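Heads up, the thing below is written out as structure tokens.
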Amino acid sequence: MQRFLRTILTIVKRELKGYFESPVAYVFIFIFLALSGYFAFQFGEFYIRRQANLDSFFKYLPWLFIFLIPAVTMRLWAEERRTGTIELIMTLPVTLTETILGKFLASWLFMGLALALTAPLIFTVTYLGDPDLGALFAAYFGGFLMAGAYLSIGLMTSALTRNQVIAFIVSAVICLFLVLIGMDEVMAALSGLAPLWLIRLIAGFSFMTHFGSIYRGVIDLRDVVYFLSVIFLMLFLNGIILQNRKAA
């Protein structure tokens, strides 16, 4: 177990170093923070609503993730395959599980840092009003869990191809689907095409359904289990894909 954790930590450090050695990480963080502020105050009409909360930021956070997180994950395996270093990785004295977990945890920590850097939004609404800090921190916790689910999907799709653009598009489409199926408008459109129980079952797989209750301040164990299950499933599929390519 000690060797297992030490190996994962080494991979995490290597991947994080790779992020910050290129301008991509800084560009991503800048864009993410700029859009976060825009959705929280300008697009969400913060001053018109006169409510000291970050509901508009968290409401649109799943949409931000759709376009930004695939940009983080698209290179994780696709670049390794394109340059041929994936074959080298397969010969190193590390297991596939360790490599996958190391890459995933590094990207999750990176997204955690990006979310943490939006802390000035909390300071602003606290200065302007009296928000429910418990609900705010619950929303950030939910956002972090949801980011992990997005990242696991992006990591899995990156293993499918050596083309980063294709990895980005496939990941974004899957995440978009998982967001749309939980929207009220989509559920209403399906109401005349399928039984209610089936519509509710489909909506139960949506990011919006599970994140919606968390960002309102209600942390339900079922929502936490949902996001962790998506992460586990996608990382498991990631391992199967890489194992099959290794065997081929």
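Nothing in this text is a laboratory measurement; each read-out follows from the coordinates by a stated rule. Quick caveat: nothing in here was measured; it's all calculated off a predicted structure. For neighbour counting, all protein chains shown are included, and Cβ atoms are generated from backbone atoms with ideal geometry for every residue, glycine included.
General observations
- Distance histogram for the range 155-226 (every C-alpha pair counted, 10 angstrom bins, percent rounded to whole numbers): 19, 36, 31, 14, 0
- Think of the chain as a dipole: +1 on every Lys or Arg Cβ, -1 on every Asp or Glu Cβ, centred on the Cα centre; then among 178, 207, 109, 109 lies furthest on the positive end.
- Placing unit charges on each Cβ (+1 for Lys and Arg, -1 for Asp and Glu) gives the chain a dipole about its Cα centre, and among 156, 229, 65 the Cα reaching farthest toward its positive end belongs to 156.
- Packing-based exposure ordering (other Cβ within 10 Å, fewest first) of 56, 22: 22, 56
- C-alpha long axis of helix 96-116 to longest principal axis of the chain, angle in °: 30 degrees
- Reciprocal mean inverse distance between Cα atoms of the range 92-189 - Kirkwood radius, Å: 16.1 Å
- Ranked by the mean number of other Cβ atoms within 10 Å of their residues, highest first, the peptides 205-213, 152-160 come out as 152-160, 205-213.
- Exposed loop positions in the chain were taken to be GluC sites (Glu not before Pro) whose DSSP state is not H, G, I, E or B and which have at most 13 other beta-carbon atoms within 10 angstrom. Between these positions, the longest stretch is 46-248.
- Under the simplified labelling scheme, the residue 232-residue 196 pair shows an inter-label distance of 3.2 nm, with each label point 7 Å from Cα along Cα→Cβ.
- About the centre of its Cα atoms, the range 2-247 shows a dipole size close to 700 debye [charges on the beta carbon of Lys, Arg (+1) and Asp, Glu (-1) only; nearest 20 debye].
- Relative intensity, log₁₀ I(q)/I(0), of the range 2-247 from a Debye sum that treats every alpha carbon as a point, q = 0.10, 0.11, 0.12, 0.18 Å⁻¹: -0.52, -0.62, -0.73, -1.40
- Computed label-point distance, nm, for sites residue 116 and residue 38 using a 7 Å Cα→Cβ extension: 2.6 nm
- Gap separating the Cα centres of the range 190-231 and the range 101-156, nearest whole Å: 19 Å
- Segment residue 97-residue 5, extension gain: residue separation times 0.36 nm, minus the distance between their alpha carbons: 32.0 nm
- Sites residue 141 and residue 241, calculated FRET efficiency, Cβ-Cβ separation with R0 25 Å, nearest 0.05: 0.25
- Translational diffusion coefficient (Stokes-Einstein; Kirkwood radius from C-alpha pairs) of the range 112-248 at 10 °C, 1.306 mPa s, in µm²/s: 94 µm²/s
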